[in-house]
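Here's a structure for you.
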Amino acid sequence: MRIALVGMPGSGKSTVGRHLARQLGLRFVDSDTEIEHRIGMPIRDFFAAQGEDAFRDLEQDVIEELVGGPPMVLATGGGAVLRPSNRDALHSRSHVFYLRNTPEELHRRLRHDTHRPLLQVEDPLHRLRELFRDRDPLYRRTAHFVVEAARPSVPALIGMVLMQLELAGIVDPNQVMPHAPSQDGPH
C-alpha cells in the first residue's frame, strides 16, 4: 500500500505522514527531505541558485521513483501537483489525501517560517492566497480523499485519514497499530 499526502506548504503533510506511517507499519518518506539528501543542500539554496524549473525537474524524478517503489507513506512538497506527470503518477500509484487548509490558517502557522522559498515575499498571506487559488483545483484533481485540516489536531487528522482508508476497504482496522501520536500540531 502506498499513501501520498498533498497540500499547501504548512498543511501538516510531514507530521501527519510520519505518525500515519508508524500506525500502519509503513516506511515514511518526505519528498523534500529526499531531494535535500540527494542535492546535499537545503531546497531554498538550490531554488535560489538553479531556479524553480530545475527544482521541479528534480522533484518530478524523485516522485516518479518513490511512487514506483515499495509501500510507504509519502509527504509531497506543496508544489508537487504543478506538473501533470506528478499528478498522474501520484493518483495512479497511491492513495492520495489532500490535507486542505485555508490560506489564513496557513499564514497563522507559517508567519515566522524562513525556510519556504515561495513565502519569502513582502506579503506572505497574499502569496498564500494566490498559491491556494492556483493549486486547490490541482490538489483536488490529484486526490482520492480530501480532509479538511484547518483546525483538527494531529491525532484527529490521522483518525480521519485512517477512517477514510477503512471505509474504502484499503486498510483493515484490526491491522492498524495502536500508537498514540504526539500532541504537537501540524508543521
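For every residue, the table says whether it meets (1) in contact with a strand residue (DSSP E or B) (Cβ under 6 Å, 6 or more places away or on another chain); (2) closer than 15 Å to residue 17 by Cβ; (3) modelled with pLDDT of 95 or more; (4) surrounded by fewer than 14 Cβ atoms within 10 Å (Cβ to Cβ).
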| position | (1), (2), (3), (4) |
| --- | --- |
| 80 | no, yes, yes, no |
| 87 | no, no, yes, no |
| 96 | yes, yes, yes, no |
| 119 | no, no, no, no |
| 124 | no, no, no, no |
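If you scan the range 22-53, which residues turn out to be closer than 25 Å to residue 102 by Cα and either in contact with a Pro (Cβ under 6 Å, 6 or more places away or on another chain) or not β-branched (Val, Ile, Thr) (or both)?
Those that are closer than 25 Å to residue 102 by Cα and either in contact with a Pro (Cβ under 6 Å, 6 or more places away or on another chain) or not β-branched (Val, Ile, Thr) (or both): 30, 31, 32, 44, 52.
Let me ask you something else. Where the second residue is of a type in the set (Val, Ile, Thr) and at pLDDT below 90 and the first is surrounded by 14 or more Cβ atoms within 10 Å (Cβ to Cβ) and lies in the range 155-180, which pairs have Cβ atoms under 7 Å and are six or more apart or on separate chains?
Pairs found: 162/171; 162/176; 165/171.
Just name the residue that is surrounded by the fewest Cβ atoms within 10 Å (Cβ to Cβ) out of those in the range 7-40 that are in a loop (DSSP other than H, G, I, E, B) and in contact (Cβ under 8 Å) with a residue 60 or more places away in the chain.
25
The values are calculated or read from the model by the stated rules, or taken from the named source; none is laboratory data. Computed from a prediction, not measured in an experiment: that's the story for all the values here. Please note: Cβ atoms are built from the backbone with ideal geometry, for glycine as well, and neighbour counts cover all protein chains shown.
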